[in-house]
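Okay, so here's the structure we're looking at.
Values quoted throughout were computed directly from the atomic coordinates according to the rules given, and no laboratory measurement underlies them. Please read all numbers here as calculations on a predicted model, not as lab measurements. Using ideal geometry, Cβ is built from the backbone for each residue, glycine included, and neighbour counts are taken over all protein chains shown.
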Amino acid sequence: MVLSDAGSQRDQARSNVASPTAIEISAHSKLVGYPNGFLMAQAPSSNILIRKLQTISELAQSDIGILGNISIQEKEYQPNEDILREGEKPSLSFVVLDGLIGSTKLTGEGKRQISSFFVPGDIPDLHGLHLSVMDCTFTPLMPSRVGFMRHDDLRAICDQHSSITRVFWRSTVIDAAIYREWVTNVGRRDAYSRMAHILCELIVRLRSVGRIEDHVAYLPITQAALGDALGLSSVHVNRVLQDLRRDGLISTLGSRFHAPDWAGLVRAADFDSTYLHHRAAQTGAGF
């Protein structure tokens, strides 16, 4: 299934998207114990945040030094073990270090909608610095590791370093762009294109932060979670995945995922990576 192009600009954006590949989400690092279920961050943890921010903005060496010294406390979570719940008033924000996090909302009937995915390097609740209460819940969709940063520390950094403030602001603005794309995806694309689109997004975002290896993806996300992200039942998700496999756009083995026909998957998804605002794509460097 191929959707029509929206013009030369979209063609150019597509040409900057990653070549055929797949994703590998890294194993958890060995960590030093910390009281109350937390783990003391090792040096590479802040590097994950820095690498992500460098995909969306240029960082001066002085900024890298400041970010590298942020105090981070790590904690591991299992799927559906909420990290932060709607209605809470947190004094910490967290960066994703390993795994996949979803921002979720529940209807009055208890039905869940996932409104975005967050990959390693993302700070899902950075906006919490300026909000008195959280308006969504952040839930791991696979075994995950996150690093907590104190709001007081982040505010002090922003007060003293305007360039870092701008980078954080850009990050939250891009999160909003992703939300807009998800609304379009769920509201106006058919199920086949929706699934292709969300897979394309995951590949590009994970590749940008170095989480692809050996052309193999390890993505132990449930079909129920995919359905909650796409507004589909688990049965419908299963059927669409079968259709994508039948058409040669993806191959799967258990939790492993591969996109052997990347160009075909991009066309089926009507995928344009511009909304991710990655620096490499903007300069035409690709990934």
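Some notes on this structure:
- Under the Karplus curve 6.51 cos²θ - 1.76 cosθ + 1.60, θ = phi - 60°, whole-Hz ³J(HN,Hα) for segment 241-249, x wherever Gly or Pro sits: 4, 4, 5, 5, 5, 4, 7, x, 8
- When Met142, Met134 are arranged by Cβ crowding within 10 Å, least crowded first, meaning fewest neighbours, the order is Met134, Met142.
- Karplus 3J(HN,Hα) series, Hz, for segment 188-196 with 6.51 cos²θ - 1.76 cosθ + 1.60 (x for Gly, Pro): 10, 9, 6, 4, 4, 5, 4, 5, 4
- Amide H contacts of Leu92: His151, each under 5 Å away and 5 or more positions distant or on a separate chain (H built 1.01 Å from N in the peptide plane; Pro and chain starts excluded).
- Proxy reagent accessibility, fewest Cβ within 10 Å first, across Arg155, Arg246, Arg145: Arg246, Arg155, Arg145
- Each of Asp152, Asp247 has some number of other Cβ atoms within 10 Å of its Cβ, and from fewest to most they run Asp152, Asp247.
- Sequence-distant residues sharing a close amide H with Ile212 (under 5 Å, placed H): Glu24
- Whether segment 32-176 is rounded, prolate or oblate, judged on the alpha carbon gyration tensor where a/c under 1.5 counts as rounded: prolate
- Percentage relative contact order, segment 79-142, counting C-alpha pairs under 8 Å, at least six apart: 53 percent
- Amide H contacts under 5 Å for Glu74: Leu39, Met40, Ala41, Phe148, restricted to partners 5 or more places along the chain or on a different chain, H placed in the peptide plane at 1.01 Å from N.
- Span from the segment 63-88 Cα centroid across to the segment 216-275 one, whole angstrom: 28 Å
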